[in-house]
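I have placed the structure first, in the form of C-alpha cells, so that the comments after it can refer back to it.
Every read-out reported here was derived from the displayed coordinates using simple, explicitly stated rules and does not represent laboratory data. Given the structure is predicted, the values throughout are model-derived calculations rather than measurements. As a convention, Cβ positions derive from the backbone with ideal geometry for all residues, glycine included, and neighbour counts pool all protein chains shown.
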Amino acid sequence: MTGVHRGTKRGADVGDRYRLTRIAFDVVSVFGCLRARGVPGPVIVNVLAEHGYSTSSVHNQLVRMVHRGILSSEKFGRVSLYRLSERMLSGFLYIAGERSAPEFDGRFYAAVYSIPESARMLRDRFQYVGRMLGYRQLRPGLMLAFVDRGRDMAAQLPDVDGPSWYEFVTLEPGSFEAAQRMTSQAFELEAATSVLPTLEAELSALSNGGQTPGGGRQDLSLTKFFDLYYEVSRAVMTHPILPAKLVGANQPAVRFRTLMDRCNVEYYLRFNDRVLDIARGSSSFDIIEWLPQD
C-alpha cells in the first residue's frame with residue numbers, strides 16, 4: 001500500500017481535458033479516416049462538411065481542442081497543421097485494435113479515494129483518469145483494475161489537499177466467485193451485453209448478414225454511418241478486455257472489437273475513396289503527416 005497523496009505537484013486545473021464530445025470525436029475521426037498524425041485545418045473543415053458541420057463550428061472546435069491539449073497546432077504559412085496529442089494518439093490506436101487481455105492473479109489493483117462534493121471537479125478528473133488507465137468503479141470511493149497503474153494515475157492528477165485523499169492498494173476477494181461478481185459489477189458486463197444485439201444487428205444489415213460487406217444499406221450517408229461508428233467506438237473505449245478466466249473468451253469487449261473491425265471494413269468499402277478525394281481537393285493536402293502504413 002502506498003502512502004496518502006497530499007503533496008503539491010502542479011496547478012489547479014482539474015478540467016476534463018481529454019473527454020471527447022461528439023464533435024470532438026468527429027474531428028479525431030478525420031485523422032483515423034486519413035490514417036494521419038497531422039492534418040491541416042482546411043482538410044478537416046472540408047471532410048467534416050460531409051458530416052454536416054459548418055466551417056465556423058469546426059474552427060471553434062479546433063481551438064477548444066488545442067486549448068484542452070487534445071490537439072497541438074503549428075503554422076505552415078497561413079495554414080494550421082493540427083496533430084493528435086500523444087495521449088490521444090495512443091487512445092486512437094487502442095480503438096483501432098488493441099486485443100491483449102490481462103491476467104487475473106487472485107487480486108485486484110484498487111484506487112481508494114475520498115473527494116467531497118466541494119471538490120467535484122477533482123473527483124471527476126480522478127475518475128476520468130482512472131477510467132483511461134483501465135480502472136472501473138465498484139462503488140463510490142473504490143475503483144478496480146487488473147493492472148497496477150497507480151503511479152501513472154498519480155502522475156496525471158493535480159494537487160490534492162484539504163479533506164481530499166487517495167491511495168493505491170491491492171484487494172484480494174474472498175473467493176473466485178466473489179471476484180467474478182466484483183468484475184461483473186465494476187466493469188458493467190450486464191450493460192455491455194444488453195447493447196450488443198442492436199449494434200450487431202446494425203452491422204449485419206450493412207453487410208447483408210456478413211455475406212457481402214459494403215453491400216447492404218446502400219442509401220447510408222456518411223453522417224449516419226458515423227453515428228454507428230461513434231457508438232461502437234464508445235463501447236470499445238468503455239469496455240476493456242478482461243481476463244478470460246473470469247468472464248470467458250466470448251466476452252462483450254472482444255465482440256465490440258469485432259464490430260470495430262467490421263466498421264473499419266464498411267468505411268473502407270463505402271467512404272474511403274470519397275474522403276481521400278475531398279482531402280486531395282485541398283491545396284494543403286501535401287502537408288498531411290501520414291501514420292506509418294502496415
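Worth pointing out:
- For the chain: rounded, prolate or oblate by the Cα gyration tensor [a/c cutoff 1.5]: oblate
- Peptides 60-72, 162-174, 234-246, ordered by how many other C-beta atoms sit within 10 Å of their residues on average, highest first, read 234-246, 60-72, 162-174.
- Relative contact order of the chain, defined on C-alpha pairs under 8 angstrom at six or more residues apart (%): 27 percent
- At the listed q of 0.11, 0.12, 0.14 Å⁻¹, the Debye profile of the stretch 29-134, built from one uniform point per Cα, gives log10 I(q)/I(0) equal to -0.53, -0.60, -0.75.
- Estimated D of the stretch 135-294 in µm² per second, where Rh is the Kirkwood radius over Cα pairs and Stokes-Einstein applies at 20 °C, 1.002 mPa s: 111 µm²/s
- Estimated D of the stretch 108-183 in µm² per second, where Rh is the Kirkwood radius over Cα pairs and Stokes-Einstein applies at 10 °C, 1.306 mPa s: 124 µm²/s
- As a rough guide to protection, the peptides 36-47, 257-268, 212-223 ranked by mean Cβ packing within 10 Å, highest first, stand as 36-47, 257-268, 212-223.
- Distribution of pairwise C-alpha distances over the stretch 187-270, 10 Å bins, in %: 18, 50, 25, 7, 0
- Only helices enter the 222 nm calculation for the chain: every DSSP H run of n ≥ 4 contributes -39,500 (n - 2.57), and dividing by all residues gives -15000 deg cm²/dmol, rounded to 500.
- Check: the chain dipole with +1 on Lys, Arg Cβ and -1 on Asp, Glu Cβ, in debye: 500 debye
- Cα gyration tensor shape for the stretch 18-90, rounded if a/c is under 1.5, else prolate or oblate: rounded
- Placing +1 on the Cβ of every Lys and Arg and -1 on the Cβ of every Asp and Glu, with nothing else charged, gives the stretch 187-270 a dipole about its Cα centre of roughly 200 debye.
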